[in-house]
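All remarks here apply to the structure that follows.
Rule-based calculations on the coordinates, nothing more; no lab input. Everything quoted here is computed from the prediction, not taken from an experiment. Virtual Cβ from ideal backbone geometry, glycine too; neighbours counted across all protein chains shown.
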Amino acid sequence: MNIHLTLLIVYSVGVVALGLWTARFVRNSGDFFVAGRRLGPGLIFTTMIAANIGAGSTVGAAWLGYRDGISAWWWVGSAGLGSIVFATLVAPRLWRLASTHNFYTTGDYLEFRYGPAVRGCATALVGLGSLALLAGQLIAGAAILNVITGIPRWAGALIGGGIMTIYFTAGGLLGSAWVNTVQLAVMLVGFAVALPVLVESVGGLNALFSSLPPAFSDVTYSAGPGSGWTLLALTGPAFIISPGLIQKSWGAASERALRVGIGINAVVLLLFAFIPVLIGMIGRAAGIDVADPNAVLPTVLTRQLPPWLGALALAAVFSTEVDTCDAILFMISTSASKDLYKRFIAPDASDAQLLRVARLSALGGGIAGVVMAIWLQTVIGALTIFYSLLVVTLLVPILGGLYVRRARERDALAAIAAGVLTLFVVRVGLAGRYGWLDPTLAGVTAAAIVFGVMVRWSHPD
């Protein structure tokens, strides 16, 4: 057994054990859904950064760096910019509402602001997208295991899915907040130690940039939608209105804890955004040829680093995939149990029943994510499905609900329909003919226009 596999096994067993241990503190659905609303700024930060640095931020960003150069910073950098908006303009307002009205899920807010139809529609659409996001994390984890052991994707996805499903199903948000603290430490130490060695392996930063095409040194470069600064339209808004992030923020003990925790998370994202991109560029400069975009990061770490350091770095990457998986399971399980089961199927369900359904939903989500990970091809492809659907579905209704008092249920439903329909039409029918046309931006624009027209027409001054 090689050192890479040994360290991953030890790490995985430790994460599962910690998650099972925290289950003893989960006594009701409030502990599972919002950690009893007692998380301080430190745990808010760790659970946020764990959700925000995952497969796309590591494996996906390394591939974009390998393909486009330093402009791939925008993939994670946009998340940091979106997090600043979330910390200052969106999360505090939502937290005050959640604390006052005892909201558990984003669906609670959507029904409070608009009505049950918006809650059900948004939950269904975001739930489908969330499975694609979960699949993206599992694809990345499977790619790491494939590079180390040669096992096929289905087996790697099954292993990664099993680990995160067990510890999250046991501890919910309260358990994952503590597990995420350990995962964050592993990730930061692994990357902090590995990056200088990788840079030195290609002769330093100056040699790295001089050995690559000129466009690789330009942070403003873009080859069109899905490249460079255009990623801001795709990933930035997602980190302002993600149901998983909103629900995690509701675990904060105070508004100050929320602002500080999310704010630190934003700063770390802005800085971390350079690391996987540079690793991808190092792989390109070193002449590493990979057929699978998902394999760029693990291949560079295993070939360009000493075995012990490569093992530590791979554990750091694997850590990011697993801890983001629990954030997605959190979003899936809480929405399925509270927004669908409790609201539409069994309104009189007891707290114990709600907790049981939440855990069963997490298990079902984990299984569905493994199936999709086998079907979808790349991390970036899976995450693009999620981000696109999330942004066009929720950005306008959530922000409109906070800042447009006259907005009503039919306004939100019309915006969702317009956004999703435009996204589909542009992606399937127009993107091939008009390469400059970004499907997500087109969908958001359509949703905002329809929302504004409906509000003005339905409720004139």
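Neighbours of Val147 by Cβ distance under 11 Å: Lys/Arg scored +1, Asp/Glu scored -1, total 0. For the peptides 218-225, 45-52, residues were scored by their other Cβ atoms within 10 Å and the scores averaged per peptide; the highest-first order is 45-52, 218-225. Here r is the Cβ-Cβ distance between Val13 and Arg406 and R0 is 60 Å; the resulting FRET efficiency, rounded to 0.05, is 0.65. Each of Val371 and Leu89 was given a label point 7 Å from its Cα along the Cα-to-Cβ line. The distance between the two points is 4.0 nm. What is the helix-to-structure angle for 3-22, meaning the angle in degrees between its Cα long axis and the longest Cα principal axis of the chain, kept from 0 to 90 and rounded to the nearest 10? The helix 3-22 is inclined about 20 degrees to the chain. Labels on offer are [x] 27, 58, 15, 0; [y] 23, 51, 24, 2; [z] 24, 55, 20, 1, and the one holding P(r) over Cα pairs in 20 Å bins from 0, in percent computed from this structure is [x]. Relative protection proxy for 310-317, 284-291, 151-158, from highest mean packing down: 310-317, 151-158, 284-291 (other beta-carbon atoms within 10 angstrom).
Helix 379-403 and the longest principal axis of the Cα set of the chain meet at an angle near 30°.
Rounded to the nearest Hz, the phi-derived 3J(HN,Hα) couplings of segment 99-110 under the Karplus curve 6.51 cos²θ - 1.76 cosθ + 1.60 (θ = phi - 60°) are 5, 5, 9, 6, 6, 10, 10, 5, x, 4, 5, 4, where x marks glycine and proline.
Rounded to the nearest 10 degrees, the angle from helix 351-375 to the longest Cα principal axis of the chain is 40 degrees. Helical content alone sets the calculated 222 nm signal of the chain at -24500 deg cm²/dmol, taking -39,500 (n - 2.57) per DSSP H segment of four or more residues and averaging over every residue.
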